[in-house]
Amino acid sequence: MSGETTEKALVLVVDDEAQIRRLLRASLEMSGYGVVEAATGEDGVTQAIRCQPDIMLLDLGLPDMDGNTVLKRFREWSQAPVMVVSVRRQEHDKIAALDNGANDFITKPFGTGELLARLRVMRRNVQAQSRPEVFQTGNLTVDTTVRVVRIDGEPVRLSATEYALLLEFVRNAGKVLTHGHLLREVWGIDDAEKISLLRVYMGYLREKLEKVPTKPKLILTEPGVGYRLVVTD
């Protein structure tokens, strides 16, 4: 067992094979993780909403839907790391899963030692990405520890997707983020035709953050490219 603490991170295992779920539960619990199981894609989505997992282990060959569908639905509101655990070995299967928002892909059969090591890497990456804990620019303050957003000191209520979108700007403050980057990182999709979805949510975000949404000062539009969060003192 690794000496690295998991701080009782909760793992959602979505796999229709009971034997695999038993193996993963035993290995994960021995390493200090909490475990929730789901045997179908629909139950996986339901359990994800209910328990808000820190990590998801996801099979692609589920009885009711393809695992990529579960992944896309999960990415509509959560940026928790997802590792695909699948018998599919083809490069195009791995590319599709990663493009849909997976953080890692491991093929069955797998060694539990390698799987646990990959989980530790994913958790370290998430912890690194969450810094700084409190970000401020102009009249905007984002406390990523407690997921609180304030404008002029007053809390602003954001939906899960709006917060995920804002967090991507915070992590890349001052940088121009392309439409494609935002669609991949926030929604887990790579489809230029979905830019209209991004524009809708940018409108929602500006309505809540900007004093004059039609004349934004915080998140600027880079015409034909994407958007940029302005960094000021």
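I'm trying to understand the selection: among the residues of region 200-223, which are open to solvent by less than 80 Å² (accessible area, probe 1.4 Å), without any contact (Cβ under 8 Å) to a residue 24 or more places away in the chain and closer than 17 Å to H179 by Cα? Matches in region 200-223: V200, G203, R206, L220, T221. Mind checking which residues of region 59-108 are aliphatic (A, V, I, L, M), within 17 Å of D43 (Cβ to Cβ) and surrounded by fewer than 17 Cβ atoms within 10 Å (Cβ to Cβ)? Within region 59-108, just M65 meets the criteria.
Take the residues in region 60-83 that are among the aliphatic types (A, V, I, L, M) and under 25 Å from R120 (Cα atoms), then tell me which one is modelled with the lowest pLDDT. Reasoning before the result, please.
Step one: filter region 60-83 for residues among the aliphatic types (A, V, I, L, M), giving 60, 62, 65, 70-71, 80, 82-83.
Filter again for under 25 Å from R120 (Cα atoms), leaving 60, 70-71, 80, 82-83.
Values: L60: 96, V70: 95, L71: 93, A80: 87, V82: 94, M83: 95.
Among residues in region 60-83 that are among the aliphatic types (A, V, I, L, M) and under 25 Å from R120 (Cα atoms), the one modelled with the lowest pLDDT is A80.
When region 44-58 is filtered for residues that are open to solvent by 50 Å² or more (accessible area, probe 1.4 Å), more than 17 Å from R25 (Cα to Cα) and either touching a Ser or Thr at 6+ places or on another chain (Cβ under 9 Å) or not basic (K, R) (or both), the ones remaining, listed by number, are T46, I49, Q52. Tell me, please, whether a residue that is among the polar types (S, T, N, Q), at pLDDT 90 or above and either over 12 Å from the mean Cα position of the chain (by Cα) or part of a loop (DSSP other than H, G, I, E, B) (or both) can be found in region 94-105. Scanning region 94-105 turns up no residue that is among the polar types (S, T, N, Q), at pLDDT 90 or above and either over 12 Å from the mean Cα position of the chain (by Cα) or part of a loop (DSSP other than H, G, I, E, B) (or both).
The values are calculated or read from the model by the stated rules, or taken from the named source; none is laboratory data. As the structure is a prediction and not an experimental result, all values here were calculated from the model. Ideal geometry is used to build each Cβ from the backbone, glycine not excepted, and the neighbour counts take in all protein chains shown. Keep in mind that these areas ignore ligands, DNA and RNA; they rest on the heavy atoms of the full protein, side chains included. Shrake-Rupley method; radii C 1.70, N 1.55, O 1.52, S 1.80 Å.
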